[in-house]
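I have placed the structure first, in the form of C-alpha cells, so that the comments after it can refer back to it.
No lab work stands behind these numbers, since they all come straight from the coordinates. Remember, predicted model here, so these are calculated numbers, not experimental data.
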C-alpha cells in the first residue's frame with residue numbers, strides 16, 4: 001500500500017515538473033511577440049490536463 005502511494009506521488013510530481021519546465025521555457029525565451037506568460041500558462045495547463053483526460 002505504501003509503495004503504491006509513493007508511486008502515485010512520484011507520478012504527479014513528474015507532471016508538475018514537466019508543466020513547470022514548459023512554462024519557464026516559453027516565458028523566458030519569449031517565443032511570441034505578445035502574451036508570452038499567457039501562452040506559457042496555457043501550455044502548462046495543457047500538459048496537466050492531458051494527463052487526466
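Just want to confirm a number: the relative contact order over the chain, from Cα pairs under 8 angstrom separated by 6+ residues, in percent. Don't jump to the answer; show the numbers that get you there.
Details: 30 pairs, mean separation 20.4, N = 53.
Result for the chain is 38 percent.
Once P(r) over Cα pairs in 10 Å bins from 0, in percent is worked out from the coordinates, which option in [x] 22, 41, 34, 3; [y] 25, 40, 23, 10, 2; [z] 17, 51, 27, 5 does it equal? Among [x] 22, 41, 34, 3; [y] 25, 40, 23, 10, 2; [z] 17, 51, 27, 5, the one calculated here is [y].
Using only Cα atoms, find the angle between the long axis of helix 36-52 and the longest principal axis of the chain, and express it within 0 to 90 degrees, rounded to the nearest 10. So the helix axis and the longest Cα principal axis differ by about 30 degrees. Relative to the dominant Cα principal axis of the chain, helix 2-29 is inclined by about 10°.
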